[in-house]
Amino acid sequence: MKGIRFCHEFNDKSKRHSAGTVMAALVGNGLYWSAGKACYETVCALFDHPNSAVCGSGVSLDYLHEKCKRVGEDQARTIHPVLFKRLDQS
């Protein structure tokens, strides 16, 4: 998917314990600033459990660097299928 970066979320900063969710950062829309931090629009987990329902939101680059690892679309589909139900509708 063009203009989307998939980021696997983790429960810890060492990135060893998967949260079972993936964020879809809409990088094609560019950055915006909020509270002095650079952010992307995102489609992300609504609840704190694996394969959670999703919602639209924003995420800071700091959070992505601290708690996420970039993954490819195929791996993201395996980790968080509910996310792709939403993305594939667009």
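The values are calculated or read from the model by the stated rules, or taken from the named source; none is laboratory data. Bear in mind that the values here come from a model prediction, so they are computed numbers and not experimental data. Backbone-built Cβ (ideal geometry, glycine too); neighbour counts: all protein chains shown.
Looking at region 8-41, which of the residues that are at pLDDT below 95 and basic (Lys, Arg) is farthest from LYS85 (Cα to Cα)?
It comes out as LYS13.
Looking at ALA25, ALA19, which is the one that is among the hydrophobic types (A, V, I, L, M, F, W, C), within 20 Å of GLN89 (Cα to Cα) and surrounded by 14 or more Cβ atoms within 10 Å (Cβ to Cβ)?
Numbers: ALA19 fails: within 20 Å of GLN89 (Cα to Cα).
Exactly one of ALA25, ALA19 is among the hydrophobic types (A, V, I, L, M, F, W, C), within 20 Å of GLN89 (Cα to Cα) and surrounded by 14 or more Cβ atoms within 10 Å (Cβ to Cβ), namely ALA25.
Please verify whether region 29-41 includes one or more residues that are surrounded by fewer than 17 Cβ atoms within 10 Å (Cβ to Cβ) and within 13 Å of the chain's Cα centre (by Cα). Give the steps one after another, and end with the answer.
Restricting attention to region 29-41, the residues satisfying the condition of being surrounded by fewer than 17 Cβ atoms within 10 Å (Cβ to Cβ) are 29-38.
Now drop any that are not within 13 Å of the chain's Cα centre (by Cα), which leaves none.
Within region 29-41 (the criterion being surrounded by fewer than 17 Cβ atoms within 10 Å (Cβ to Cβ) and within 13 Å of the chain's Cα centre (by Cα)), the answer is no, since none of the residues qualifies.
Scan region 22-39 for residues that are free of Cβ contacts under 8 Å to residues at least 40 places away in the same chain and either part of a strand (DSSP E or B) or on the phi > 0 side of the Ramachandran plot (or both) and report the count. Quick ask: steps written out before the conclusion?
Applying the first criterion (free of Cβ contacts under 8 Å to residues at least 40 places away in the same chain) to region 22-39 yields 25-39.
Going one step further and asking which of them are either part of a strand (DSSP E or B) or on the phi > 0 side of the Ramachandran plot (or both), we end up with 25, 30, 32-39.
Qualifying residue count, region 22-39: 10.
Do you know which of the residues in region 47-83 that are within 12 Å of the chain's Cα centre (by Cα) and of a type in the set (Val, Ile, Thr) is nearest to GLY36 (Cα to Cα)?
Top of the filtered list is VAL59.
Quickly run through region 40-70 and pick out the residues that are in a strand (DSSP E or B) and either out of contact with any helix residue (DSSP H, G or I) (no Cβ under 7 Å at 6 or more places or on another chain) or of a type in the set (Lys, Arg) (or both).
Taking region 40-70 and keeping what is in a strand (DSSP E or B), we get 40-45, 54-60, 68-70.
Selection gives THR42, CYS44, ALA45, CYS55, GLY56, SER57, GLY58, VAL59, SER60, CYS68, LYS69, ARG70.
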